[in-house]
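What follows is a set of notes on a single structure, which appears directly below.
No lab work stands behind these numbers, since they all come straight from the coordinates. Everything numeric here is computed off the predicted structure, so don't read it as measured data. Cβ: placed from backbone, ideal geometry, glycine included. Neighbour counts: every protein chain shown.
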Amino acid sequence: MKILIVNWGNHRSKYTIGEAHKIFGDNLYIATTKDIPEEISSIFKQRNVIITNPYDVMSLCEDVSSYCIKNNISFDIVTTFFELNVYHTAFLADYLGIKKRLPLKAALKTSSNKYIMRNFFLKHEIFQPKFILFSENDIYKIYSKIKKDKNKKYVLKPAISAKSFGVRYIESRITKTAFKKTIQESKSEVLFDDNDSEWRNYLNRNEMKFILEEFIPGNVFSFDGIVKNIGNIKFIGNTEFETCEPPRLDQVGQTIPIASLTKEQISICKRFVKKNIKLLELQYCGFHCELKFYKNKPCLIEIAGRLPGSSVLIEYQRISKQNIFLEFFSIFNDKLLSHQQIKKTPKYSSIAFYSSFLKSKRKEMVLEKLITPNIKTNKKNVDVILCSYEGHSLYKTSGYIYNYFLLFDLVLRSKTMTSKELNKIKNKLIKQMEFKISKPNIIKENNYFKTISERILKKLPWGN
């Protein structure tokens, strides 16, 4: 059995692809760009890497087909873990004649293209934010609409993006100049070269499209799982996301499982997710559905035909009795379940993660010291990991300035507590944190961002 993964995604994909490699070994192949990072390429033998443009279906089909003919092999499973390749992977699987695959029409209707997804659910009268599509040429036309809707709040999203890049919060009182600047900041963030997201190089830089959605208050809830054939749906976990303060809406916190919804509300959400999966006719794929619970009912934010990001998968695996990756690949081949691990006691019952950011208009600052007077919880059933980014500063590259910088990451994992109980401890610890900030010397090196990025990635607590 030979398995082809399309593209790698981001730096956290090492875990996801590594777990797949544990199952299939040298029968695992990857079709990706030449910019594949060393930590990903090292998992594969050189002959198992197909260099292509995974964002262009013609190039992808041509290169994989040529590889198969040249090496006299065929693939039994073709899938992806990366959102921006869901559609391309579905097209390739169809082209190669793979029977158990995500249908192309279903792939097109997921969040790979947020506008197509929104239109589909609008047609089926699914509760979701009101929305409008526009391009950079329509900025002032959209601004006029915003000003007419007084006291309204909105979320700006690039129509095609990943990892929530470019998402912004907007109020109707915004000035014309500020609105134009927000659009440019969103675009700059999506196109910003951070040495970790090569997919940005394949976007249309001349004209970007955006979606303006009504703002729905509250935390985002993620429901994740696996779909075999239509209607055969299995949940593997759920997560509650916290976001930072506007105007950015970056995810800063994750709690697994969801802490602020009741069991009845979670059941309502699961039924809502199942209904939408059936409407989309998703099959032979993972699913990642984000929603909010507003006015006592679920409101769809987005849904994708893929498993959630690997940082969430890592924690799902820690609280699961089964091997999630064997569960996933078994939708393509039932025999894999014979290798399923014997049920065991999960390592943890709940997990809470929080990233602390400082917002400032100053262009240059550095975290000198993080003071944690009471970091120990005095509870034997809670593991606490604190990662401080001392020496990390704001940076300016390609004319784009981030006005948030990372202070610390805090991870709590409990063996017996509920997520609600764990969250109380997390919030208490966050209030105890104190930090010292100073203004650093001007840093002129061209590789400054890369150095800072690598330093942070090495210290990330996920997976520890």
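If I model a spin label at residue 333 and residue 383 as a point 7 Å from the Cα along the Cα→Cβ vector, what separation in nanometres do I get?
3.1
Note down the magnitude of the dipole of the stretch 121-255 about its Cα centre, charges +1 on Lys and Arg C-beta and -1 on Asp and Glu C-beta and zero elsewhere, to the nearest 20 debye.
Using only the charged Cβ atoms, the result is roughly 760 debye.
Taking 27 Å as the cut-off for C-alpha to C-alpha distance, list the pairs among 157/228; 99/335; 22/426; 176/436 that go past it. Numbers along the way, then the final one.
Values: 157/228 31 Å; 99/335 17 Å; 22/426 34 Å; 176/436 36 Å.
Violating the 27 Å limit, Cα to Cα: 157/228; 22/426; 176/436.
Multiplying the sequence separation of residue 171 and residue 297 by 0.36 nm and subtracting their Cα-Cα distance, what value in nm do you get?
Full-extension gain reported as 42.9 nm.
What would the Debye equation give as log₁₀ I(q)/I(0) for the chain at q = 0.07, 0.09 Å⁻¹, counting only Cα atoms as equal point scatterers?
At q = 0.07, 0.09 Å⁻¹ the computed log10 ratios are -0.37, -0.63.
Enumerate the residues in the stretch 243-282 having an amide nitrogen under 18 Å from the point lying 7 Å beyond the Cα of residue 321 toward its Cβ.
The answer is 257, whose backbone nitrogens lie closer than 18 Å to the label point.
Below 8 Å between Cα atoms, with a sequence gap of 6+, how large is the relative contact order for the chain in percent?
Worked out over the chain, it gives 12 percent.
Once R0 is set to 51 Å, what does the formula 1/(1 + (r/R0)^6) return for the Cβ-Cβ distance between residue 432 and residue 181, expressed as a FRET efficiency to the nearest 0.05?
0.90
Can you find, among 20, 405, 3, the residue sitting farthest towards the positive end of the charge dipole of the chain, where Lys and Arg contribute +1 and Asp and Glu -1 at Cβ?
So the residue furthest toward the plus end is 405.
Can you sort 67, 294 by how many other beta carbons sit within 10 Å, fewest first?
On the way: 67 19, 294 13.
Starting with the residue having the fewest Cβ neighbours, the order is 294, 67.
Taking the Cα centre of the stretch 222-339 as the origin, how large is its charge dipole in debye, to the nearest 20, when only Lys and Arg (+1) and Asp and Glu (-1) carry charge on their Cβ atoms?
500
Suppose we look only past 19 Å in the calculated P(r) of the stretch 3-101. What percent of the Cα-Cα pairs does that tail hold?
Details: 1621 of 4851 pairs.
Value for the stretch 3-101: 33 percent of Cα pairs lie more than 19 Å apart.
How far is the Cα center of the stretch 206-267 from the Cα center of the stretch 104-145, in Å?
With the stretch 206-267 and the stretch 104-145 each reduced to a Cα centre, they are spaced 18 Å.
What does the extension gain come out to for residue 1 and residue 125, with contour length at 0.36 nm per residue minus their alpha carbon separation?
Result: 40.4 nm gained on full extension.
With charges only on Cβ, +1 for K and R and -1 for D and E, what is the dipole size of the chain about its Cα centre, in debye, rounded to 20?
It works out to roughly 1540 debye.
For the residue pair residue 365 and residue 58, what label-to-label distance in nm results when each label sits 7 Å from Cα along the Cα-to-beta-carbon direction?
My value for the distance between the label points is 5.0 nm.
Considering only Cα-Cα distances, which of the following residue pairs are longer than 20 Å: 130/274; 45/70; 130/150; 270/292? Write down the numbers at each step before the final one.
Details: 130/274 22 Å; 45/70 17 Å; 130/150 16 Å; 270/292 12 Å.
Over 20 Å apart, Cα to Cα: 130/274.
For the chain, which DSSP H helices look membrane-span-like by this rule: Cα extent along the axis of 15 Å or more and mean Kyte-Doolittle of at least 0.0? Intermediate values should be presented prior to the final figure.
Details: long enough: 13-24 (16 Å, -0.34); 57-71 (21 Å, 0.37); 176-191 (23 Å, -0.75); 263-280 (26 Å, -0.26); 419-432 (20 Å, -1.26); 448-459 (17 Å, -0.57).
What comes out of the filter, once short or polar helices are dropped, is 57-71.
Along the charge dipole of the stretch 64-150, Cβ charges K/R +1 and D/E -1, which of 75, 96, 119 sits furthest on the positive end?
Most positive-ward Cα: 119.
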